[in-house]
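Visitor: Have a look at this one before I ask anything.
The values are calculated or read from the model by the stated rules, or taken from the named source; none is laboratory data. Note that the structure is a prediction, hence the values are computed from the model and not measured. Note that each Cβ is placed from the backbone with ideal geometry, even for glycine, and that neighbours are counted across all protein chains shown.
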Amino acid sequence: MGLGSFVINSRLAKAGLLVAFLCVGFSAVAQESADKIIAIVGRNRIILQSDLEVQVAQMRQQDPKFNDSSKCLILQQMILQKILMEQAERDSVRITDEDVEGQLDNRLRYFTQLYGSKEKLEEVSGKTIYQLKEEYRDMIREQMLAEKVQQTILEPVKITPAEVDAFFKKIPVDSLPFFPATVEVGQVVFDPPVSHEMNDYAKQKLEGIRQEIVEGKKTFELAAGFYSEDPGSRDNGGRYDGVTRTGPWAAEFVAAAFRLQNGEISPVVKTKFGYHIIQMINRKGDEADIRHILVKPEVLSGDFKIALAKLDSIHKLLVDGKMPFPEAVGKFSTDEAAKRTGGMIADPNTGNTELDMTKLDAGMVLMLDSLKQGDYSAPHVFITDQRERSCRIVYLKTRTSPHKANLKDDYGKIQEVALRQKKELRMQSWVTSKLPTFYLKIAPEYQGCSTLKQWVTKMEAANK
């Protein structure tokens with residue numbers, strides 16, 4: 001594996017970033033490792049044995065095929081990040097404090113969701129949210145600077161159809177991968193409109209709950225457990241910690257929250273999710289720990305009939321060719337996130353719209369079996385990812401059968417791999433040209449790594 005294995009978004013690089021941010025379960029490994037310096041880049045950028053061992057422990061847990069060459073690769077990635085940091089300093093590359101805080105908040109939200117709650121995250125990490133942010137703020141800044149420099153290096157790299165064709169022809173026929181059946185699927189989602197009566201009822205109900213809390217008849221936590229329809233916080237007394245002005249929160253929600261003083265309870269606030277009351281627990285600058293209660297207006301069967309009738313008219317426009325699918329999504333879909341992808345469903349991990357049929361839910365697969373490529377399903381009620389009932393039309397854009405890789409069916413995938421290889425070669429060339437200009441010292445026990453030999457040779461030549 002060459003230098004190019006450091007191209008942004010490689011699997012090992014991602015795993016390294018994850019464990020570097022939250023070394024859950026591996027603190028003992030770090031403590032037991034000899035805390036010796038195993039690499040130095042520049043004047044003062046060091047890598048410790050314990051740093052490497054923490055990431056190695058994580059990789060061993062994730063990959064049973066992990067071996068010593070993989071350990072060398074992780075070290076190579078760590079060294080490359082230090083080299084890119086040195087280059088960032090030379091080029092006066094800067095990352096704003098706001099960008100760093102935003103990245104920290106995003107990662108904390110990810111891990112909070114992963115472990116189910118902020119309390120569980122703090123329990124398994126042995127650190128408070130505040131301590132996590134303080135401990136990893138500089139590390140996040142370093143990663144962002146390194147990525148920014150690498151992006152500058154790789155941004156000019158493009159690939160032509162002729163290069164893709166040449167890349168594919170070099171692959172031995174018996175080495176071509178076998179791809180499962182895939183589909184590209186879109187949907188026009190239309191949430192049933194809620195009647196004025198049900199809106200008023202939900203609002204009045206929540207105002208009554210608020211009055212009981214203000215009068216001391218119920219605590220906010222107890223009322224949240226009884227009445228809140230937010231499954232993410234109901235069982236925790238309605239509590240959310242580390243709320244910021246950015247992220248998944250509705251604008252009206254955070255605006256109301258950040259107007260509150262500690263202990264104060266907001267008036268009823270309406271968002272796209274329903275009606276809320278919010279209690280400020282503790283405000284810390286641009287972060288806040290809050291409680292809230294959510295009451296959603298009930299959607300009646302008549303509301304679903306209205307939504308399905310609206311989708312019937314949209315379905316006719318689509319089938320008759322009077323409106324392109326992306327335009328229908330932009331005009332009529334109530335799913336704001338879907339509008340950014342033209343209504344196409346994408347893999348949340350990769351952003352790819354070409355979906356493996358084996359990973360779709362059984363209901364979707366059954367529906368797609370009845371559609372031909374380019375067809376639209378009849379309007380129907382479905383269950384969203386948030387476990388809510390809504391209405392939609394499904395569009396089958398493309399379908400492929402299980403097959404061996406070929407340019408006709410898999411051009412996009414092959415182009416992606418070919419471009420990644422070209423970027424790897426560009427990264428390799430950049431490192432090779434820049435290496436003599438950096439001070440680099442690698443501990444003798446790692447100089448024999450196959451992934452580092454080329455660097456060691458360059459280093460020795462530069463020192464002669």
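Visitor: If only one of N67, N106 is over 30 Å from G238 (Cα atoms) and out of contact with any Phe, Trp or Tyr (no Cβ under 7 Å at 6 or more places or on another chain), which one is it?
Guide: N67
Visitor: H276 fails exactly one of the following numbered conditions: (1) in contact with a Ser or Thr (Cβ under 8 Å, 6 or more places away or on another chain); (2) closer than 19 Å to S390 by Cβ; (3) modelled with pLDDT of 95 or more. What is the number of that condition?
Guide: The number of the failed condition is (2).
Visitor: Got a sec? Which of D320, D347, D356 is modelled with pLDDT of 95 or more and either surrounded by fewer than 17 Cβ atoms within 10 Å (Cβ to Cβ) or on the phi > 0 side of the Ramachandran plot (or both)?
Guide: None of the other options fit; the residue is D320.
Visitor: Now for a different question. Which members of the range 170-207 meet the condition of being free of Cβ contacts under 8 Å to residues at least 12 places away in the same chain and touching a strand residue (DSSP E or B) at 6+ places or on another chain (Cβ under 9 Å)?
Guide: V173
Visitor: Taking the residues in the range 196-233 that are under 26 Å from the mean Cα position of the chain (by Cα) and at pLDDT 90 or above as candidates, determine which candidate is surrounded by the most Cβ atoms within 10 Å (Cβ to Cβ).
Guide: Out of the qualifying residues, it is D230.
Visitor: Of all residues in the range 123-175, which are assigned to a loop (DSSP other than H, G, I, E, B) and not aliphatic (A, V, I, L, M)?
Guide: G126, K127, T128, E155, P156, K158, T160, K170, P172
Visitor: Hey, another quick one. Determine if the range 114-133 includes at least one residue that is surrounded by fewer than 15 Cβ atoms within 10 Å (Cβ to Cβ), of a type outside the set (S, T, Y) and in contact with an Asp or Glu (Cβ under 9 Å, 6 or more places away or on another chain).
Guide: Yes.
Visitor: Among the residues in the range 123-136, are any small (G, A, S) and over 29 Å from S433 (Cα atoms)?
Guide: Yes: the range 123-136 contains one or more residues that are small (G, A, S) and over 29 Å from S433 (Cα atoms).
Visitor: Please specify each residue of the range 293-335 satisfying the condition of being closer than 30 Å to E264 by Cβ and assigned to a loop (DSSP other than H, G, I, E, B).
Guide: Result: K296, P297, E298.
Visitor: One residue is enough: does the range 400-408 have a residue meeting the conditions assigned to a helix (DSSP H, G or I) and modelled with pLDDT under 90?
Guide: Yes, because at least one residue in the range 400-408 is assigned to a helix (DSSP H, G or I) and modelled with pLDDT under 90.
Visitor: If the Cβ limit is 9 Å and pairs must be 6+ apart or interchain, which residue in the range 146-158 that is in the same structural domain as K434 (by TED's automatic domain parsing) pairs with which residue that is among the small types (G, A, S) and surrounded by fewer than 10 Cβ atoms within 10 Å (Cβ to Cβ)?
Guide: Listed pairs, sorted by first residue: none to list.
Visitor: Considering only the range 336-376, how many residues are among the aliphatic types (A, V, I, L, M), in contact (Cβ under 8 Å) with a residue 60 or more places away in the chain and assigned to a loop (DSSP other than H, G, I, E, B)?
Guide: Summing the residues that are among the aliphatic types (A, V, I, L, M), in contact (Cβ under 8 Å) with a residue 60 or more places away in the chain and assigned to a loop (DSSP other than H, G, I, E, B) in the range 336-376 gives 2.
Visitor: Now for a separate question. When you go through K434, K458, K441, K423 one by one, which is the residue that is assigned to a helix (DSSP H, G or I), under 18 Å from E86 (Cβ atoms) and either aliphatic (A, V, I, L, M) or modelled with pLDDT of 85 or more (or both)?
Guide: After ruling out the rest, the residue left standing is K434.
Visitor: Under 17 Å from V295 (Cα atoms), outside any helix (DSSP H, G or I) and either in the same structural domain as A309 (by TED's automatic domain parsing) or not hydrophobic (A, V, I, L, M, F, W, C) (or both): which single residue out of P248, P267 fits that description?
Guide: P267
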